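Structure, as structure tokens:
The values are calculated or read from the model by the stated rules, or taken from the named source; none is laboratory data. Bear in mind the structure is a predicted one, so any value in this text is a computation, not a measurement. With ligands, DNA and RNA removed, areas are computed over all heavy atoms of the protein, side chains included. Shrake-Rupley method; radii C 1.70, N 1.55, O 1.52, S 1.80 Å.
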Amino acid sequence: MNSHTGGLHWLERAWLTRGLLARLLLPLAWAFGALTATRKLLYRFGWLRAQSLGVPVVVVGNLIVGGAGKTPTVMALVGLLRRHGYTPGIISRGYGGSGDGDGGTLEVHPQTAAAACGDEPLMMRWRTGAPVFVGRNRVAAGRALRRAHPAVDVVVSDDGLQHLRLARDAQVLVFDERGVGNGWLLPAGPLREALPASVPTRGVVLYNARTASTPLAGNLAARSLAGAVELAAWRAGQAASIGTLESLRGTPLTAVAGVARPNRFFEMLREQGLQISALPLPDHFDFATLPWPAGTPDVVLTEKDAVKLEPVRLGGTRVWVVALDFALPAAFEKSLLALLPDPPTPAPGIAHGNQTA
């Protein structure tokens with residue numbers, strides 16, 4: 001395990017308890033809390049104003065630092081909205097890409113390099129076919145999206161729960177098995193903002209976990225592996241199949257995951273009966289160099305990792321992309337749709353939900 005990954009796990013463990021380190025950092029957490037509370041008050045009393053995009057906006061975010069399942073939730077929401085007659089687009093901060101700075105916005109195309117836009121936005125563009133724009137300023141990204149794609153009638157924001165400048169019609173709070181950790185704000189704990197006493201106005205809660213991990217009422221997402229496909233075929237648009245995944249049982253595999261919670265991926269592979277040697281990597285690992293030893297016969301990895309790998313770089317290694325199936329419960333869908341206006345009636349000859357890549 002590299003030092004970066006080990007350090008991250010050490011910090012996350014510190015955030016799960018109210019130990020000595022967390023207590024020493026409490027004064028900084030109080031200062032952070034005061035700043036965030038003041039900012040919320042400025043918006044509440046109108047001294048700062050949220051900006052509308054002119055269409056409904058659904059913000060997907062989490063209170064806790066680290067991956068709780070926002071990106072698969074966004075992709076599942078795009079499918080949900082299409083099924084109900086909307087034409088969705090996606091905006092994202094674009095972690096690690098050129099949209100991650102103070103500069104303008106960037107539209108993500110299937111051929112855009114992950115280094116330019118970030119791995120998660122590129123994965124969302126490939127998986128959903130929906131238009132995706134990245135930029136630190138979510139309002140600017142949303143307006144650029146709407147100018148480029150006027151048929152879009154609902155915008156889904158990947159992260160941005162604390163981006164109060166972006167007006168929203170609905171917000172989805174995603175929690176994983178960590179819940180709120182030790183319950184303290186950064187840097188004494190993992191929270192970006194305090195857990196509310198009840199579900200926020202125009203909010204719904206989704207648990208990316210086997211059981212609810214906070215006192216807030218919500219629904220449980222159903223998470224499973226959808227199957228596997230070789231990297232070259234995946235990049236050509238071939239869907240993963242469960243049969244291919246099952247055929248890998250009995251084959252020694254190196255399992256790679258450059259995601260925030262790699263052990264979740266490894267556990268799901270083992271539950272499928274796969275024989276793996278786990279290789280966790282830092283979140284957003286760039287794959288500038290291949291992390292597995294030369295001569296490794298078979299590697300399995302996530303779609304988030306696959307967008308950064310070209311088949312010509314693999315040598316004799318077979319790389320299998322394992323896709324995730326993330327299902328939203330019916331009660332969650334009903335609660336979310338109740339917060340949104342009905343989709344506009346499409347003009348003659350214009351179909352909603354175009355998935356052209």
Accessible surface, per residue, of region 22-139 when the full set of protein chains is kept, probe 1.4 Å, Å² | 42
Shape call for region 41-173, from the Cα gyration tensor axes a ≥ b ≥ c (a/c under 1.5 means rounded, otherwise prolate when a/b beats b/c, else oblate), comes out rounded
Given a 1.4 Å probe and every protein chain left where it sits, what share in percent of the accessible area of the chain is carbon and sulfur?
-> 57
Say we join alpha carbon atoms closer than 10 Å with springs in a Gaussian network model of the chain; which of Met123, Met268, Met75 then has the biggest fluctuation?
-> Met268
If only Cα atoms are counted, what is the Rg of the chain, and what is its Dmax, in Å?
-> 20.5, 65
Over its alpha-carbon atoms, region 112-228 yields an Rg and a Dmax in Å of 16.4, 45
Once you sort the root eigenvalues of the Cα gyration tensor of region 12-59 as a ≥ b ≥ c, which label holds: rounded (a/c under 1.5), prolate (a/b larger than b/c) or oblate (the other case)?
-> oblate
Rank these by accessible area, largest first, 1.4 Å probe: Thr71, Thr201.
-> Thr201, Thr71
Decide, for region 265-346, between rounded, prolate and oblate: order the square roots of the alpha carbon gyration tensor eigenvalues as a ≥ b ≥ c, take rounded if a/c falls under 1.5, and otherwise choose prolate if a/b is larger than b/c, else oblate.
-> prolate
